[in-house]
Structure formats: C-alpha cells, structure tokens
C-alpha cells in the first residue's frame with residue numbers, strides 16, 4: 001500500500017513556493033510561525049454544501065515530505081536559489097501542526113476545513129499539494145453525493161476510470177466516490193488499495209468477439225453461473241439482447257439451478273428501455289433479474305429517468321462522476337490568516353473589491369451548532385481562545401445582518417477542527433474508509449436539513465461569528481482603510 | 001525519472017477486463033489475435049480537431065505491465081477467477097503490437113489514433129489504462145492549443161496544479177500543455193520530470209506576510225534582482241500595488257543597475273486594469289516591464305480581453321486549462337475491429353441506433369491527404385493491405401455522400417499510424433518533448449486550415465474511405481441486417 005508515498009510527491013508544488021521560501025530563508029534567521037487556512041468560496045453545482053475529502057492523503061503527504069539529492073540537483077540547475085538554502089532543504093521535513101475537519105464532514109463556504117500552523121517556510125511549501133489533494137477528492141465526493149441522492153436508494157457504482165484525468169484521478173476519485181455513498185467501483189487498483197468493493201462483468205467486445213449474442217452470453221454464464229450480468233445493447237436491446245439473455249437464463253442457468261443475476265443497458269433511452277425490459281423479464285419469470293444502466297449518467301439524468309418511472313436497480317456512473325463534468329473545479333484556496341509576532345499570532349486579512357473574497361483573519365475555531373432535533377442550524381467562527389458556551393443563550397453575529405441581536409438557545413455545539421498533525425507527525429489514528437463513509441451517511445440522514453440537500457435553490461447554511469471575532473475582523477478592515 | 005513506472009500501474013483496469021480475460025482463458029486454449037481501435041467521436045468544445053497526446057506513457061505502461069504476488073493474492077480474494085488463470089497471470093506480459101499516430105498529431109473523430117493487435121487477453125487487459133492515458137493528455141493538449149491560439153502569440157503558462165484532479169493530472173497535464181504550445185508550467189514536478197521550463201514568483205501570502213506592500217516588494221527584489229515580477233493586486237492594483245512596484249523599480253532595482261521585469265495582476269477587470277497599468281508603467285519609464293495576468297482564464301476570456309485592447313504580455317492559465325473546464329471529458333473509446341480466424345482478420349462492426357456510433361471495422365490504415373499548398377484536405381481510411389497511390393487521380397468515397405464520384409488529384413499522402421510496440425517492446429525511439437511540441441506547431445502553422453482552427457463553427461474535416469474499404473463496411477452492415 002505504499003505506491004502513493006514512494007512516488008516523488010514532495011516535488012508536487014508550484015515554483016513560487018520555492019522562490020518565496022528561498023526569499024524567507026534569506027531574510028529571516030529564524031522562521032516565524034504563521035497560520036494558513038484552507039477554505040472554498042462556492043459550492044459546486046450551486047449546491048447547498050460540499051463534502052470534505054482527501055485528508056488521509058494530506059497527512060501521508062506532509063509526513064513523507066522530503067527532498068532527495070536528485071531534487072536538490074534539479075533546484076540547483078534552475079539558478080534561482082542560494083547554496084545555503086539548498087543545503088537547508090537536504091534535511092527539510094515538515095514540522096508544523098495541522099488542524100482539520102474529520103474526513104467526510106459536510107462543509108460550507110468560507111470556513112477553514114484545514115488550518116496549517118507552521119514555520120513560514122514549512123507552511124509555504126505544502127500549499128499546492130494540500131490544495132490539489134483536498135480539491136480533487138472533495139470535488140468527487142461532493143458530486144457523487146449528489147448522484148447518490150438522486151438515485152434515491154438505488155445502488156450507484158463508479159465506472160469512470162477510462163475518462164478520469166489520469167490514474168490518480170481514477171483511483172482517488174473512486175475513494176472519494178465510495179466515501180460519498182457509491183457502493184463500489186470498477187477500478188481494480190482502487191479496490192485493492194482501499195478495500196472498496198469492485199464489480200464488473202463484460203464489455204461490448206465480449207459480445208462482438210463471439211459469432212452471435214446468444215453464444216457470447218452462454219459462454220459467460222458457463223464461467224460465472226453465480227454472477228451472470230449480461231450486457232444487452234450491443235445489437236438491439238429489445239429484439240436481440242433481452243431475448244438472448246432470457247434464453248440463456250432458461251437454457252444454460254436454470255438447468256444448473258442458477259438464476260440470471262442481471263442485465264445491463266449502456267445506450268439508448270434508458271427510461272423507455274428499462275420499463276420495456278422489466279416487463280419482458282417479468283413475463284419470462286425473471287422477476288429477480290436486476291436492471292443495471294450506464295451511459296453518461298449524472299444526478300440530472302438519473303432524476304429524469306426515475307421521474308419517468310424507469311425500472312432500474314443500479315446505476316453505473318462514469319465520466320460525469322469521475323470528472324465532475326458539470327462543475328469540474330473545486331476552488332479551495334490557501335490563505336494566510338496570522339503571523340507570529342512576539343509570541344502571539346497577529347491576524348492578517350486579505351481585502352478585495354469583491355466583498356465575498358475578504359478572508360476570515362486570525363487563529364480561530366469552527367463550531368457546528370445543532371438545534372433540538374439534532375439538525376445543524378448554523379456554523380460559527382470564534383477566536384481560538386474564546387469560550388463558546390451553549391448551556392445558556394449565546395449571542396452571535398450574522399455577518400450579513402450584523403445589526404441584529406441574535407442568540408442560539410437550547411442548542412448543542414461541536415467543534416469541527418481537530419489536531420491531526422503535531423510537529424509534522426500524525427496524532428490521530430488512520431481512519432477506516434467504512435467509518436468515513438458511515439459518517440457521511442449519518443450526517444446526511446440525521447444532521448443536514450433536506451432543504452440544504454436539494455439541487456434547486458438549496459437553503460444557504462449560516463456562517464455566523466462570535467461577537468468578539470466579528471469585532472476583530474471589522475477593526476482590521478477599519479485599520480486597512482486608514 | 002522512474003516514479004511513473006515504479007507505481008502499480010498494472011492494476012489500473014476495470015474489473016470487467018479481468019472477468020472477460022478469465023472467461024476467454026477458460027474457453028480458448030490458444031488466444032486468437034484480435035484488433036482493437038482507439039478513436040473518439042466528438043471534438044471537445046465543438047472544435048475542429050483534437051491533439052493526440054499521451055503516447056509515451058501508453059508505451060511505458062504496456063512495457064511495464066505485470067502482476068505482483070500481492071496483485072495475484074488480491075485477485076484470489078475476489079473469488080471470481082480460476083487457479084489456472086491466476087497462475088497464468090504470474091508470468092503475464094503484454095505481447096502484442098501497437099500502431100499509433102506520432103504523439104502530437106492533429107486528429108479527427110472516428111479515425112483510429114491507436115490500434116492494438118494482440119492476443120485476446122492481452123488486448124482486453126490494457127483497455128482502461130490506455131484509454132485513461134490518451135483521454136487525459138489529449139484533453140489537456142487540445143484545450144491548451146485553443147488557449148494558445150486565443151493568446152495570439154503571447155505566452156501562456158500552466159498555473160493549474162492546485163485545481164488539477166490530483167497529482168498525475170497536474171504533472172501529465174503540464175506535459176500535455178507544453179506539447180500543445182504552453183511556454184512552461186508552475187508545477188515543479190513536471191519541470192523536473194519532463195524538462196519543461198518552470199516559472200513562479202510570489203503569492204499573496206508573501207505580500208501579506210510583510211507589514212506593507214512596498215516592504216514585501218523590496219524584500220523580493222533584493223533576493224531576485226534579475227527576476228523581479230511583483231504581484232500587485234493584494235490590496236489595490238492602481239492605488240497601492242503599481243505605485244509600490246514603481247517605487248521598488250526606482251529605489252531598489254535601478255541603483256543596482258537592474259530593471260523591473262514584470263508585474264502580475266490576479267483579480268479584477270484584467271482588460272481595464274492592464275491598460276491603466278501599462279500607461280502608469282510607461283509614464284514611469286518602465287516600458288520594458290511585462291504585464292502578466294491570471295485568474296480563471298481560458299480561450300474565451302483571453303479572446304475577450306484582447307478584443308478590448310488589453311495590454312498583456314503573458315497569461316498564467318490555471319483551473320480552466322488543467323481541468324479543461326468547459327468540456328472536461330475526452331471520450332476516446334476502445335472498440336474491437338477484427339478477430340483472427342484461420343490466419344486472417346475477420347472484421348467486426350458495432351451497429352447502433354445512432355448512425356455516428358457505427359464503428360469502422362477491420363484492420364486498416366489511416367492516411368492524411370495534402371493538397372498542393374501543403375494543407376491537409378482530408379483523411380482517408382483504407383484496408384491494411386490496400387495500395388494507396390496518389391501519383392494519379394485516386395477515387396475515394398465520402399461516406400456522407402457515397403453516390404458521388406470523387407477523386408484526389410495532385411495530392412500527396414502520409415500514412416499516420418506507425419508501429420510503436422512490437423511483441424510488447426518499444427520499436428521507436430523515445431521522442432523528445434521539444435520535438436513533439438515543434439511537430440504540433442508545424443502542423444498548426446503549415447498543414448491545418450485556419451478554417452478548422454477557429455472556435456466558432458469550424459470547418460469539418462473529411463474522413464473519406466477507399467472504395468474497397470467502403471464496400472467492405474457496407475457489406476458487413478447488410479449481412480447484419482439479414
């Protein structure tokens with residue numbers, strides 16, 4: 001299971017991280033500690049939330065980060081860096097702390113899912129790799145969750161490897177999809193690496209290799225009598241594929257005491273065909289034969305097929321899941337929030353013409369606030385050292401309506417970030433994928449309002465602030481204006 | 001440079017390849033040879049063509065394909081495969097032949113860019129990996145070529161790693177972008193692995209780390225006096241960033257005899273700001289200071305900015321390049337074209353309700369036909385053993401208008417596929433990336449009509465057929481109808 005870590009992932013960075021690090025090295029004998037937050041600004045597909053994924057790989061990356069002699073020689077060849085700095089890199093290891101949401105947490109825009117507290121150079125060098133890891137898996141987990149919700153209890157499997165953006169995208173995409181509720185993947189390497197259930201039967205090439213469809217199906221059933229799922233759309237689903245499949249069920253499987261497990265349709269009008277096929281199978285006494293469909297599916301086509309009464313037991317979802325086709329960029333960013341000065345963290349804020357791009361400054365904590373029924377009513381940002389006590393009414397500020405006097409009453413609270421890396425080393429046990437998957441499901445079943453889960457115009461989750469935190473942010477903005 | 005090959009890329013497959021292979025193994029003592037074609041059906045972004053990329057990685061993959069004991073143990077744990085088949089896998093190596101277009105070839109829908117001629121099991125097992133490799137790099141090369149064309153001679157650099165679909169997507173995406181005309185990348189690992197020029201200066205965090213913008217710029221210029229490019233949009237481009245940059249040029253660089261190399265704008269109205277900034281720089285005597293812009297660019301925004309008179313020297317293009325955001329799925333497929341029977345290849349055809357999904361059957365060759373001015377006027381498919389002689393008028397069939405009597409006259413012809421892998425081993429030297437990049441440029445400059453290169457409603461390249469090949473295809477369709 002070491003393929004990921006034996007690759008040269010340490011060099012996965014933007015060059016500017018090195019030019020900045022070399023500059024910091026030149027100007028500062030000891031590197032002050034700084035705080036960077038990772039957060040995103042907009043939910044994919046105009047949805048109500050995203051699912052935080054990729055944390056295990058982020059931890060693996062920072063724990064293994066180092067530069068080989070070959071790496072140093074490459075940097076030297078660029079003629080950009082001082083000899084002292086390159087010597088320093090030889091023994092470089094990431095020595096900072098990382099706070100993060102548990103993997104699988106439902107997250108919202110503008111709250112830090114990950115916070116890096118580290119010496120300046122350490123914090124700067126991990127920027128691009130951390131972002132690529134969180135962006136990719138959160139993108140696919142969020143997209144898959146939408147597809148799984150659209151399937152409304154029916155199985156969704158990842159069939160996307162061939163259209164993934166190269167091998168990592170297939171493998172870590174399958175991982176993210178499984179976290180978010182896919183029942184499995186077709187990608188063998190993902191199955192092997194992460195113990196995800198794998199499935200797969202035949203391609204059109206199997207059917208086309210043999211002289212006719214019946215022979216092809218028969219040959220398959222003879223080898224896999226307990227797992228016969230037949231691809232019925234190579235020539236003509238209704239006039240050829242299904243009749244041949246029924247004949248195999250009767251002539252090959254039944255004499256062996258076996259049942260035809262399923263058929264798959266990979267083209268055509270899936271709503272129409274599935275209804276027609278269901279009727280044909282039922283009339284042949286194959287009521288237990290499952291109907292699997294695939295071909296350019298996503299949450300929108302699945303919703304439409306089911307609304308038309310499509311008779312479908314399972315969806316194989318490929319390219320639109322593994323590339324998140326309708327919105328393939330997850331835009332998490334890495335922004336400096338504070339700089340250590342004389343033993344304390346001085347907040348930094350990035351202003352912008354666009355109000356929504358102003359960052360949330362300082363060392364802070366993120367809380368999820370739950371109402372009496374257990375549903376999350378808001379998230380809350382407060383200073384790192386503030387006490388957030390919900391045992392009595394708690395006054396908070398809605399930054400979009402700061403003039404209002406608002407209170408959380410009869411609420412419970414959970415802090416979302418946990419310390420996962422301390423002085424460069426993992427301090428939380430590696431979490432099992434099944435546990436992460438169950439955590440996602442539990443949140444969507446019991447904690448996240450249906451109004452946030454719908455696709456059209458979902459409810460916007462509140463991101464509130466403690467009064468002190470809000471005051472601090474406003475005073476920074478006032479100072480900058482001056 | 002072995003990171004790619006030391007990873008377990010052999011397990012990058014869909015499970016159905018294994019279930020089919022195990023089935024073929026059970027039914028056939030010797031595996032007949034088969035022919036599979038890789039082709040795609042639709043140009044991305046409604047463009048006129050695509051750029052074939054990823055071939056080097058495809059060759060590396062088939063040459064290194066093998067299964068470790070750990071892999072075999074994993075397959076055994078699935079309880080799907082026979083002991084004999086698993087024993088066979090222990091010594092499995094890909095033993096087939098591969099014909100392919102030279103990497104960087106401009107390609108069109110429905111012509112095979114890659115053809116695999118191999119024993120049935122070998123041909124089946126490589127399906128998903130080959131597709132993922134060709135789909136990803138062709139996607140990014142095709143997209144980048146569009147962006148480079150929009151930039152109209154100005155430099156385009158890949159800045160996308162953080163939004164790539166994981167690490168491979170960043171690294172091999174940078175490779176594909178460079179092939180297609182990007183001048184370089186910010187991704188260090190891609191620079192190191194493929195000797196691509198790298199660039200990068202500073203992030204907003206550098207500016208925010210210091211107490212003010214002038215100090216941040218000064219600190220940078222002191223370390224990089226020969227390569228000072230300043231990011232000027234952290235607070236306010238016009239009122240703060242550019243005045244501070246000009247002050248550094250005058251007070252820090254000029255006394256050292258150095259010039260300010262450039263400034264970068266990463267937000268706001270890039271057309272408006274670049275014009276205003278150009279004027280301010282020129283008035284300060286910094287006519288040689290380059291203006292670099294970034295922030296959600298693609299061929300459409302670049303075209304728009306330039307049409308508005310934007311004063312820009314270089315574009316840093318991130319998420320929309322590295323994810324091919326506007327059309328992130330490259331849909332190449334792997335379809336069986338022929339099966340060996342009694343020493344000859346019997347063609348196979350896949351029919352479909354959709355006429356454009358009917359495959360081109362049989363073992364064949366693809367030719368590019370050039371008119372007298374050197375521009376490619378059409379591509380031509382003919383049988384593998386046919387002679388295509390352009391020294392006299394050559395009759396061909398346009399499959400969309402087969403009733404017409406058409407001839408190529410005074411044309412030259414080039415065969416596009418070359419044998420690159422023979423009996424599982426590379427038989428062409430590894431091609432240098434610079435050579436591939438020059439080949440792309442030469443085609444776009446000299447061989448591909450501007451009418452095919454435009455973004456709106458480009459000319460559709462003809463894919464013609466030899467009369468014999470067309471007859472063969474039609475007779476297969478007639479046979480199937482019967």
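Taken together, the values in this text are just the output of simple stated rules run on the coordinates, not laboratory data. Just so we're clear, the structure is a prediction, and the values are computed from it rather than from any experiment. FYI the Cβ positions are ideal-geometry reconstructions off the backbone, even for glycines, and counts take in every protein chain you see.
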| message | Can you give me the Kirkwood hydrodynamic radius for the protein assembly as shown, using every pair of distinct Cα atoms, in Å to one decimal? | response | 29.9 Å
| said: Compute the helix-to-body angle for A:213-223: its Cα long axis versus the longest principal axis of chain A, expressed 0 to 90° and rounded to tens. | reply: 70 degrees
| For region A:370-482, what ratio Rg/Rh do Cα atoms give with a Kirkwood hydrodynamic radius? | 1.03
| field | Whole-Å distance, taken between Cα centres, linking region B:429-465 and region A:403-436 | value | 52 Å
| Between residue B:426 and the same site in the other copies, what are the distances in nm, shortest first, taking label points 7 Å from Cα along the C-beta direction? | 3.5
| query | Tell me, Kirkwood radius of region B:47-171 from alpha-carbon pair distances, in Å? | reply | 17.1 Å
| What number, in percent, do you get for the relative contact order of chain B if the mean sequence gap of Cα pairs under 8 Å and at least 6 apart is divided by its residue count? | 20 percent
| query | Along Cα→Cβ at 7 Å, what distances in nm separate the residue A:211 label point from those on the other copies, shortest first? | reply | 9.0
| task | Could you give the C-alpha radius of gyration of region B:244-365 expressed as a fraction of 2.2 N^0.38 Å, taking N as the number of residues it contains? | result | 1.95
| request: Distances from residue A:355 to the same position in the other copies: list them in nm, one decimal, shortest first, using label points 7 Å from Cα along Cα→Cβ. | output: 5.6
| message | On C-alpha positions alone, give me the angle between the axis of helix B:467-481 and the longest principal axis of chain B, in degrees, nearest 10. | response | 70 degrees
| task | Run through the DSSP bridge list for the protein assembly as shown and note the antiparallel percent, rounded to the nearest 5. | result | 70 percent
| said: Once each part is reduced to its C-alpha centroid, what is the distance from region A:77-148 to region A:260-336 in angstrom? | reply: 35 Å
| message | Normalised by the empirical 2.2 N^0.38 Å for globular proteins, what value does the Cα Rg of region A:318-374 take? | response | 1.75
| remark: Cα pairs beyond 14 Å in region B:158-247, in percent, come to 67 percent
| Pairing the Cα long axis of helix B:55-64 with the longest principal axis of chain B, what angle in degrees results, from 0 to 90 and rounded to the nearest 10? | 60 degrees
| Partner chain coverage, peptide B:339-345 - average Cβ within 10 angstrom | 1
| task | Please give the average number of partner chain Cβ atoms lying within 10 Å of the Cβ of each residue in A:328-338, rounded to a whole number. | result | 5
| What is the Rg over Rh value, at two decimals, for chain A, using alpha-carbon atoms and the Kirkwood definition of Rh? | 1.06
| field | Expected-Rg normalisation [2.2 N^0.38 Å, Cα atoms] applied to region B:143-322 | value | 1.01
